[in-house]
Amino acid sequence: MAGMPQTITMPKPLPAPNSDFYELAETLPPEELAVVKQVRTFMEAKVAPIITKYWVEDAFPFELLPTIQELNIGGAGLKGYGCRGGSGLLAGLIAMEMARVDTSIATFFGVHSGLAMSSIYFGGSEEQKKKWLPPMARFEKIGCFGLTEPLVGSGASGGLTTTAKREGDTWVINGQKRWIGNAPWCDVAIIWARDLADNQVKGFIVENKSTPGFRVEKIQNKIALKVVQNGEITMENCRVPEENRLQEDKSFRDTARVLRGTRYFVGWEATGCAMGAYENALKYAQERLQFGRPIGSFQLVQDLLAKMLANVTASQCLVARTAQLEAEGKLTDAHAALSKAFCTAKCRETVAWAREVCGGNGIVADYKVGRFFADAEALYSYEGTYQMQNLIVGKAVTGLSAFL
Ligand SMILES: Cc1cc2nc3c(=O)[nH]c(=O)nc-3n(C[C@H](O)[C@H](O)[C@H](O)COP(=O)(O)OP(=O)(O)OC[C@H]3O[C@@H](n4cnc5c(N)ncnc54)[C@H](O)[C@@H]3O)c2cc1C
């Protein structure tokens, strides 16, 4: 109307995607919260802008290592020996925050700081811990964990074919390992082998760059966790000194103790992977227009988003409880297995819904969701498949073992 001031109504700003719906961050102790923020800043500022390129090229971003060193998170959850220390909750949150941006970086960290360092932390003598853990905590020496073999995966507890034979103060190791993360380029391999004398599994610290007879071939053409370099290791008469045998480890039970901690860790990783997929899909749904409206305004798309958020939130609550059990010294193999199985299964479902929300762009790496989608497949199978975790849970609740 002539003469009347015109009021322009601006569209209400849409809420920023946030996968912390039940405000888990609010419950964190200040130290944990500060580290989570530090890791989030690192992941968003340094990793997010470059990681898709590395993922597409099947390459590891060595350029990030100096900044990872500065974060001072090596050996999170482990005490002394130059390790970061802190709680199991802290270690879990770091994994979750990393996976929220990139699951490969979380896996690199899990293999080095979780699998390799904990093997020495739990199974090493005082001398071994003092020698190996400080440079590993500083990321000066990077580790890998060699358990799986080309012909022995789920059955590793009873059937390792890699052998170790003692000759005086030296062990002679023969055999092959497959899928070993970081192996093509790292410095220290924890190799699990069956002692020919007593048939028990023992752990060895092998300096892979300088041990004659130790060979690694990079596994090519992976469709998941492409940034992580996985290797197939061949050991032919590798001679390892007795001082490099993990002195406290007596049998596969000791290997399983390491796996309990790292399966706990994978529950957190899967939760982070689902968070990342959800947040990226939500952002896409707010921006992508069809029929003249954001696709996020359609009921069926909102249904997918609500189901994704429910999976994320349930997983967060579950892993937070496993951290409490861990802190109370009550985390059992079955607790860790249930968490690994549930969170990876829900992650797999969530990333598939996220992919669906993004339509065709969901299969293009540049839109990020495709990367989470593919990477979730590896989480579901590594560190013990979904079926293996459920067999561990099944044995605990029935009292009956279904393992062969
Ligand atoms: C990306 C990636 C990274 C990895 N990193 C490492 C690493 O750093 N170090 C390392 O040691 N290993 C690593 N692994 C190996 C991983 O732990 C194994 O892939 C996993 O344990 C499964 O073994 P497998 O692939 O040989 O499958 P298999 O054991 O051959 O299983 C194939 C299928 O059969 C099912 N199955 C097997 N036995 C049973 C049963 N009794 N009942 C019911 N179902 C059964 C399994 O659940 C699975 O679905 C990695 C794997 C991947 C994919």
task: Filter the helices (runs of 4 or more DSSP H) completely within segment 1-82 down to those with at least 3 residues that are farther than 30 Å from residue 284 by Cα.
output: 30-42, 65-71
statement: Of the conditions (1) closer than 19 Å to residue 323 by Cα; (2) open to solvent by less than 10 Å² (accessible area, probe 1.4 Å), the single one that residue 124 does not satisfy is (1)
- prompt: Is there a residue in segment 151-166 that is within 14 Å of the chain's Cα centre (by Cα), outside any loop (DSSP other than H, G, I, E, B) and at pLDDT 95 or above?
  reply: no
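Within the group 238, 186, which residue is in contact (Cβ under 8 Å) with a residue 60 or more places away in the chain, open to solvent by less than 10 Å² (accessible area, probe 1.4 Å) and within 13 Å of the ligand (Cβ to nearest atom)? Steps first, please.
On the way: 238 fails: within 13 Å of the ligand (Cβ to nearest atom).
Step by step, each of 238, 186 is checked, and only 186 is in contact (Cβ under 8 Å) with a residue 60 or more places away in the chain, open to solvent by less than 10 Å² (accessible area, probe 1.4 Å) and within 13 Å of the ligand (Cβ to nearest atom).
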field: Test set (1) assigned to a loop (DSSP other than H, G, I, E, B); (2) open to solvent by less than 50 Å² (accessible area, probe 1.4 Å); (3) more than 10 Å from the ligand (Cβ to nearest atom) - residue 204 fails condition number
entry: (1)
query: Residues in segment 368-388: is at least one more than 16 Å from the ligand (Cβ to nearest atom), part of a helix (DSSP H, G or I), within 30 Å of residue 297 (Cα to Cα) and open to solvent by less than 60 Å² (accessible area, probe 1.4 Å)?
result: yes
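Can you tell me which residue in segment 127-162 is farthest from residue 184 (Cα to Cα), limited to those that are within 16 Å of the ligand (Cβ to nearest atom) and open to solvent by 50 Å² or more (accessible area, probe 1.4 Å)? Before you say what the answer is, go through the steps one by one.
Filtering segment 127-162 for residues within 16 Å of the ligand (Cβ to nearest atom) gives 136, 142-162.
Applying the additional criterion that residues be open to solvent by 50 Å² or more (accessible area, probe 1.4 Å) yields 150-151, 154, 157-158, 161.
Numbers: 150: 16, 151: 20, 154: 23, 157: 25, 158: 27, 161: 21 Å.
Among residues in segment 127-162 that are within 16 Å of the ligand (Cβ to nearest atom) and open to solvent by 50 Å² or more (accessible area, probe 1.4 Å), the one farthest from residue 184 (Cα to Cα) is 158.
Out of curiosity, is residue 340 touching a Gly at 6+ places or on another chain (Cβ under 7 Å), within 20 Å of residue 379 (Cα to Cα) and either touching a residue at least 60 places away in the same chain (Cβ under 8 Å) or hydroxyl-bearing (Ser, Thr, Tyr) (or both)? Show your work before the answer.
Numbers: touching a Gly at 6+ places or on another chain (Cβ under 7 Å): yes; within 20 Å of residue 379 (Cα to Cα): yes; either touching a residue at least 60 places away in the same chain (Cβ under 8 Å) or hydroxyl-bearing (Ser, Thr, Tyr) (or both): yes.
For residue 340, the condition - touching a Gly at 6+ places or on another chain (Cβ under 7 Å), within 20 Å of residue 379 (Cα to Cα) and either touching a residue at least 60 places away in the same chain (Cβ under 8 Å) or hydroxyl-bearing (Ser, Thr, Tyr) (or both) - is met.
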- prompt: Only one residue in 306, 277 is farther than 30 Å from residue 399 by Cα, among the hydrophobic types (A, V, I, L, M, F, W, C) and free of Cβ contacts under 8 Å to residues at least 24 places away in the same chain, so which one is that?
  reply: 306
statement: Within segment 73-112, of all residues that are closer than 21 Å to residue 45 by Cβ and of a type in the set (Ser, Thr, Tyr), the one nearest to the ligand (Cβ to nearest atom) is 107
- request: Return yes when residue 69 is more than 21 Å from the chain's Cα centre (by Cα) and of a type in the set (S, T, N, Q) and no when it is not.
  value: no
Residue that is farthest from residue 56 (Cα to Cα), among those in segment 393-404 that are open to solvent by 40 Å² or more (accessible area, probe 1.4 Å) and within 13 Å of the ligand (Cβ to nearest atom): 401
message: Being hydroxyl-bearing (Ser, Thr, Tyr) and closer than 20 Å to residue 381 by Cβ narrows it down to one residue among 211, 262, 234, 170; which is it?
response: 262
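Using the structure shown, decide if residue 193 is outside any strand (DSSP E or B), aliphatic (A, V, I, L, M) and modelled with pLDDT of 95 or more. Quick ask: steps written out before the conclusion?
Values: outside any strand (DSSP E or B): no; aliphatic (A, V, I, L, M): yes; modelled with pLDDT of 95 or more: yes.
Spelling it out, it is not the case that residue 193 is outside any strand (DSSP E or B), aliphatic (A, V, I, L, M) and modelled with pLDDT of 95 or more.
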- line: Just one listed residue, out of 99, 59, is among the small types (Gly, Ala, Ser), within 19 Å of the chain's Cα centre (by Cα) and farther than 25 Å from residue 264 by Cα, and it is 59
field: Where residue 257 falls short, out of the listed (1) modelled with pLDDT of 95 or more; (2) out of contact with any Leu (no Cβ under 9 Å at 6 or more places or on another chain)
entry: (1)
- line: Per the list (1) of a type in the set (Asp, Glu); (2) in contact with a helix residue (DSSP H, G or I) (Cβ under 7 Å, 6 or more places away or on another chain); (3) farther than 23 Å from residue 276 by Cα, residue check on residue 70 breaks on (2)
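Table: residues versus (1) under 11 Å from the mean Cα position of the chain (by Cα); (2) in contact (Cβ under 8 Å) with a residue 24 or more places away in the chain; (3) part of a helix (DSSP H, G or I); (4) within 19 Å of residue 61 (Cβ to Cβ).
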residue: 92; (1), (2), (3), (4): yes, yes, yes, no
residue: 104; (1), (2), (3), (4): yes, yes, yes, yes
residue: 108; (1), (2), (3), (4): yes, yes, yes, yes
residue: 112; (1), (2), (3), (4): yes, yes, yes, yes
residue: 116; (1), (2), (3), (4): no, yes, yes, no
residue: 120; (1), (2), (3), (4): no, yes, yes, no
residue: 130; (1), (2), (3), (4): no, yes, yes, no
residue: 136; (1), (2), (3), (4): no, yes, yes, no
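The values are calculated or read from the model by the stated rules, or taken from the named source; none is laboratory data. Keep in mind that this is a model prediction, so the values were computed, not measured. Cβ coordinates were reconstructed from backbone atoms using ideal geometry, including for glycine residues, and neighbour counts include every protein chain displayed. Protein only, heavy atoms only, side chains kept; ligands, DNA and RNA dropped before computing areas. Shrake-Rupley method; radii C 1.70, N 1.55, O 1.52, S 1.80 Å.
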